[in-house]
Amino acid sequence: MEKAINQQINREFYSAYLYLAMAQECESIGLKGSAKWFTLQYHEEISHGMKMIDYMNDQGARVVLDAIEKPPVKFGPLVTMFEKTAEHERFVTKSIYSLVDLAIKEKDYATQEFLQWFVKEQVEEESTDADILARLRLAGDRGNALLMIDSQLGKRTE
Ligand code: FEO
């Protein structure tokens, strides 16, 4: 279980790095609102990693930090960025489910309980990504609509 949570900590920090890279791509093409949205997502992923680190420490487990993979530099248009975000979050959800499966197999009741927060969080993240993607697909190539969505994304506060 300890090894699997350490691996998940690395995935959370990779997620943070991935969204920070997307934020920088948005900055470079003038999508300031989206850049802010992805930067906040970066902070959220860091907090997920830290939540797991705190839990490991509470349980007297050893946290071992591994190298964080290099994220891509180019992601394409905003709709593609959110497609990649949604795809990545589906991968993270599967990874959380594997942790739950392992906790059940190992009769690790505390970790099963701890992971429920992440199970709920993944439902929220996938739902948010799906909403944004739906709006972006409706907007298509219309610049005005895209700028409006970018401005809405910039209003994110947490
Ligand atoms: Fe840490 Fe985006 O899930």
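At a glance:
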read-out: Dipole magnitude (debye, nearest 20) for segment 75-158, charges at Cβ of Lys, Arg, Asp, Glu; value: 240 debye
read-out: For the chain: lysine pairs under 15 Å (alpha-carbon distance), excluding those fewer than 8 apart on one chain; value: 6
read-out: Fraction of alpha-carbon pairs over 18 Å apart in segment 88-157 - percent; value: 54 percent
read-out: Student exercise, segment 1-119 dipole from Lys, Arg, Asp, Glu Cβ charges, in Debye to nearest 20; value: 240 debye
read-out: Segment Glu69-Ala145, extension gain: residue separation times 0.36 nm, minus the distance between their alpha carbons; value: 23.9 nm
read-out: Calculated [θ] (222 nm, deg cm²/dmol) that DSSP helices of n ≥ 4 give over the chain, each run adding -39,500 (n - 2.57); value: -28000 deg cm²/dmol
read-out: Computed over the chain, Kirkwood Rh from alpha-carbon pairs, angstrom; value: 16.5 Å
read-out: Packing-based order for 22-29, 142-149, using average beta carbon neighbours within 10 Å, highest first; value: 22-29, 142-149
read-out: Size of charge dipole - segment 1-55 - debye, nearest 20, with Cβ of Lys, Arg +1 and Asp, Glu -1, no other charges; value: 60 debye
read-out: In Hz, Karplus ³J(HN,Hα) per residue of segment 51-67 (6.51, -1.76, 1.60; θ = phi - 60°; x = Gly, Pro); value: 4, 5, 4, 4, 5, 4, 5, 4, 8, x, 8, 9, 7, 10, 8, 9, 5
read-out: Nonlocal amide H pairs with Leu31, under 5 Å, H built at 1.01 Å; value: none
read-out: Spin-label proximity, Arg137 to segment 53-81 - amide N less than 17 Å from point 7 Å beyond Cα toward beta carbon; value: 77-81
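No value in this document is a laboratory result; all are computed from the given coordinates. If you're wondering where the values come from, they're calculated on a predicted model, not measured in any experiment. Because the Cβ atoms are built from the backbone with ideal geometry, glycine has one as well, and the counts that use them run over all protein chains shown.
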